[in-house]
1. Looking only at residues that are polar (S, T, N, Q) and outside any helix (DSSP H, G or I) in the range 107-133, which one is most open to solvent (accessible area, probe 1.4 Å)?
2. Return the residue satisfying two criteria in turn: it lies in the range 51-86 and is within 23 Å of GLU158 (Cβ to Cβ) and assigned by TED's automatic domain parsing to the domain that holds GLN109, and of such residues it is farthest from the chain's Cα centre (by Cα).
3. Criterion first (at pLDDT 85 or above and of a type in the set (D, E, K, R)) does GLU49 satisfy it?
4. Need the failing condition index for THR69 against (1) open to solvent by less than 100 Å² (accessible area, probe 1.4 Å); (2) closer than 21 Å to ARG161 by Cβ, just the number.
5. Which residues, taken from the range 65-105, are more than 15 Å from the ligand (Cβ to nearest atom), touching a residue at least 12 places away in the same chain (Cβ under 8 Å) and of a type in the set (S, T, N, Q)?
6. Would you mind stating whether GLU22 is part of a loop (DSSP other than H, G, I, E, B), loosely packed, with under 10 Cβ neighbours inside 10 Å and at pLDDT 70 or above?
Amino acid sequence: MANSSNPAAGVDNTFRRKFDPEEYLQRAREREEKEQAKSKSKSKGPPVERQPLKHRDFEVDLESRLGKTQVITPIAPLSHQAGYFCKVCECVVKDSANYLDHINGKKHQRALGMSMRVERASLEQVQQRFEVLKKRKDSGSFTEQDFDERILKQQQEEEERKRLKREKKKEKKKEKSAEEETPELDPDVAAMMGFGGFGTSKK
Ligand SMILES: [Zn+2]
């Protein structure tokens, strides 16, 4: 029995082994204690159940900075470096292909709390999907409807972008005017007070 608690390589194990429940119970206890100590030292909770992969429900913006010029310094924050910046992982990827690879990749998905496993679809789900697609095809508006929807979505996105741009401009203007602190004067009054033009303090 002394042998079996220390199974080293090269030990003659051709004899009939006997299962000793006491010994294995002891081993299990030791292992549990070890694991507990380990998890305590790492102060980690139980392992997090990661979600299976799912569809991306947003458009990936690859082209908004296309054709634009930007000054880059080595000390600029990562988000202002050349390339595509990933907010989740705080890293820069040099081109669009690698960026797509990155956001589809293991590291990124892990950061989002997803495993790389894909949920297995049931037979019913597959059948339902086929039915939906078949119906769409039968009604003949599959491509047209799809197309219209896409255009509508693009238009909405474009409008949203413009709106954001306008807001940014407005804010900038506000900041500027607040900085200059130009009192709104009636031109006549300004002239009487000896101010030449618009908000200048020439005398
Ligand atoms: Zn990422």
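1. Quick first cut of the range 107-133, residues polar (S, T, N, Q) only: 109, 115, 122, 125, 127-128.
Cutting the leftovers down to outside any helix (DSSP H, G or I) gives us 115, 122.
Numbers: SER115: 16, SER122: 52 Å².
Applying the filter and picking the extreme gives SER122.
2. TYR84
3. Numbers: at pLDDT 85 or above: no; of a type in the set (D, E, K, R): yes.
No, not satisfied.
4. That leaves (1) as the condition not met.
5. GLN70
6. On the way: part of a loop (DSSP other than H, G, I, E, B): no; loosely packed, with under 10 Cβ neighbours inside 10 Å: yes; at pLDDT 70 or above: yes.
When the stated conditions are applied, GLU22 does not pass them.
The values are calculated or read from the model by the stated rules, or taken from the named source; none is laboratory data. Computed from a predicted model, the values in this text were never measured in an experiment. For neighbour counting, all protein chains shown are included, and Cβ atoms are generated from backbone atoms with ideal geometry for every residue, glycine included. Only protein heavy atoms, including side chains, enter the accessible area calculation; ligands, DNA and RNA are left aside. Shrake-Rupley method; radii C 1.70, N 1.55, O 1.52, S 1.80 Å.
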